[in-house]
Each structure stands twice: as structure tokens, then as C-alpha cells.
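The structure under discussion appears below in the form of C-alpha cells.
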Amino acid sequence: MIDSARLGLPAFEPGHVWLVGAGPGDPGLLSALALHALDRADAVIYDALVDSRILRLARPGATLDYAGKRGGRPSPRQPDITALIIRQARAGHRVLRLKGGDPCVFGRGAEEALALVAAGIPFRIVPGITAGIGGLAYAGIPVTYRGTNSAVTFVTGHSSAGAVPDGVDWPAIARGSPVVVLYMALKHLPQIVERLIAGGRRRDEPAAIVSKASTPGQQVLVTTLEQLAGLAAAAETPAVVVVGEVVRLRAGLDWLGGLAGRRLDPAPLGGCGGC
Ligand code: SAH
């Protein structure tokens, strides 16, 4: 239970939907609003990537519905998920739509919110810590570093049709983004690596695969861009992939692995000129 009055949190009204990000896994990364929603919700509709430790925080008596979508497994269709949310809200329930990471980062949160707008159902969006930032932080990899990059790109490696997204301008990303963070990318990693190298990225550029970030099963594989594709099959899911010089910082910043405090020679970090 959190002291919602002291924090000045809004009431979770019956018939309202809260679209909430649960973060990458560690329950400690839940926001106060997310905990408040778990305390109050009558109905929780959750995704595949929501950690079971977080679901156990739901109010006893709340209904829990799985609405996960994961590649390769039978999953509910998006219109059915949206219909369930709307039905529960119209029944007067406080509906908590719980999603992994941030609901609006490759999570269809906005699509569901637009369906609520069309149905005239009041809602709130509660951001969560996205895997591409918080998950990397748990691996000791910052997404920006002053000496290295003043831009970062988050990109999905998987289109809604299941292919390498053609709408992504890979040559532009290769040229313009010193750090590239890839979601849902393991399946198509060989093609993605090829496109980044064809776009001018160094084959020996540091890269990492961070699997099950911020959970007890977290695994981090540090490698080079060239070797990345070969490691994809060995990596567990879910995983984020990061390409860029910031990966080198893990040598000093792996606080979870107990290395924090170790001195890192800044020399191996490639500079980015103006940043
Ligand atoms: N809304 C989510 C992303 C959903 S897309 C967010 O903001 O994090 C699903 C992808 O997210 C996965 O394929 C993986 O790339 C990434 N992901 C989610 N949770 C993760 C975790 N704990 N560790 C590593 N990657 C994760």
C-alpha cells in the first residue's frame, strides 16, 4: 500500500482505464502511480512481458486477464484485447491495462488509447521505464555519454508483418546515430547488422545483447557489431540490442555485477567530435 494522499495521486475512478507501464521487470522500477493503480484496480489486463512479481502486487480480488502478444505463439488479436478493455470499463470497473516497459514505446499503448477515445472512455497514461533505457542501465550501459554521443535512436527490428521494417531508413541511422538501441531485433539481427555495416558502421564497433534485463535471469553478452548476429541464437528473450561506443562503459559501470567503482580508462572510448 502506498500513501496516495500524501503523494497527491489522483483517484482511480470506476469506469476509467489506466494504461500503465510496468517497466522492464524489477518491481522496484514501478512508479508510484503504477503501484497506486495495482492497489485499486478491479480488473488487470496484462501483457506477456509484465513480470510475475509485479502481477502479485495486484489487489486481492482483482481479476487478472492475460492479453499478451508474443511472436510465434498464439496470441489474442488486438481488436479482441481492445474490446475486453472497453467491456470491463463499461461494466464500471477500474481497468488497469498493464504493459511492459513504457506503454507508448513499441507497445501499442497509443493504439489502445485511441480506441478508448473513440469509445468515449476516460483514461490516463502512466509512463514506465522502457527496456531500451532502464534495461541498459541495469547492464551498466548508459544510452548517452558526453564524450561519446549526443543522439540515440530507438528502433524496432520487427515490423507488424514480422519482417525487417522497411520503413526504417537504415543508412540514415547508420550515419547519424552513434548509439542504436534495437527492440525485438534478435530474429532479424543478421540483416540489421548487414544494413548498419553497409551504411558505414565499423565491424569492430562495440555492441551488446541484454536479455531479461532487471530480472533475476538478466544476461549480458558484450561483443562487436560483426559478431552480433552469430550470438543472437544464444541469447534469451526478451532482449534489447545496443550498438555504439557507450557499450565500453560497462567495463566500469556494471554495478549489478559488483564491478562498480573499478576505474575505467577513458582512452578506449571513441569520441564523437563535436559532442
Ligand atoms: N513497451 C516495451 C517494449 C515492448 S516491445 C518497453 O518500453 O520496454 C518488446 C521488446 O521490448 C522485446 O522484444 C525486447 O526487445 C524489449 N524488452 C522488454 N522487456 C525487456 C527486458 N526485461 N529485457 C530486455 N528487453 C526487453
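Structure summary
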item	result
Out of A34, A41, A22, sole residue that is free of Cβ contacts under 8 Å to residues at least 60 places away in the same chain, aliphatic (A, V, I, L, M) and touching a strand residue (DSSP E or B) at 6+ places or on another chain (Cβ under 6 Å)	A41
Residue in the stretch 241-256 that is within 11 Å of the ligand (Cβ to nearest atom) and either modelled with pLDDT of 95 or more or farther than 26 Å from I54 by Cβ (or both) present	yes
Single residue of V193, V164, V181 found to be assigned to a loop (DSSP other than H, G, I, E, B) and β-branched (V, I, T)	V164
Residues that are assigned to a loop (DSSP other than H, G, I, E, B) and without any contact (Cβ under 8 Å) to a residue 40 or more places away in the chain, drawn from the stretch 196-207	G199, G200, R202, R203, D204
Selected residue (criterion: nearest to the ligand (Cβ to nearest atom)) from residues of the stretch 1-21 that are touching a Ser or Thr at 6+ places or on another chain (Cβ under 9 Å) and closer than 23 Å to F106 by Cα	G21
Complete set of residues in the stretch 22-32 that are within 16 Å of the ligand (Cβ to nearest atom) and either part of a helix (DSSP H, G or I) or buried (at least 18 other Cβ atoms within 10 Å of the Cβ) (or both)	A22, G23, P24, G25, D26, P27, G28, L29, L30
Scan of the stretch 165-183 for residues that are within 16 Å of the ligand (Cβ to nearest atom) and either surrounded by fewer than 21 Cβ atoms within 10 Å (Cβ to Cβ) or of a type in the set (D, E, K, R) (or both), ordered by number	P165, V168
Set G68, G128, G132: member being free of Cβ contacts under 8 Å to residues at least 40 places away in the same chain, within 16 Å of the ligand (Cβ to nearest atom) and surrounded by 14 or more Cβ atoms within 10 Å (Cβ to Cβ)	G68
Residue, farthest from P178 (Cα to Cα), within the stretch 217-239, restricted to residues that are outside any strand (DSSP E or B) and within 11 Å of the ligand (Cβ to nearest atom)	G217
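The values are calculated or read from the model by the stated rules, or taken from the named source; none is laboratory data. Given the structure is predicted, the values throughout are model-derived calculations rather than measurements. No Cβ is skipped: glycine too gets one built from the backbone with ideal geometry, and neighbour counts run over all protein chains shown.
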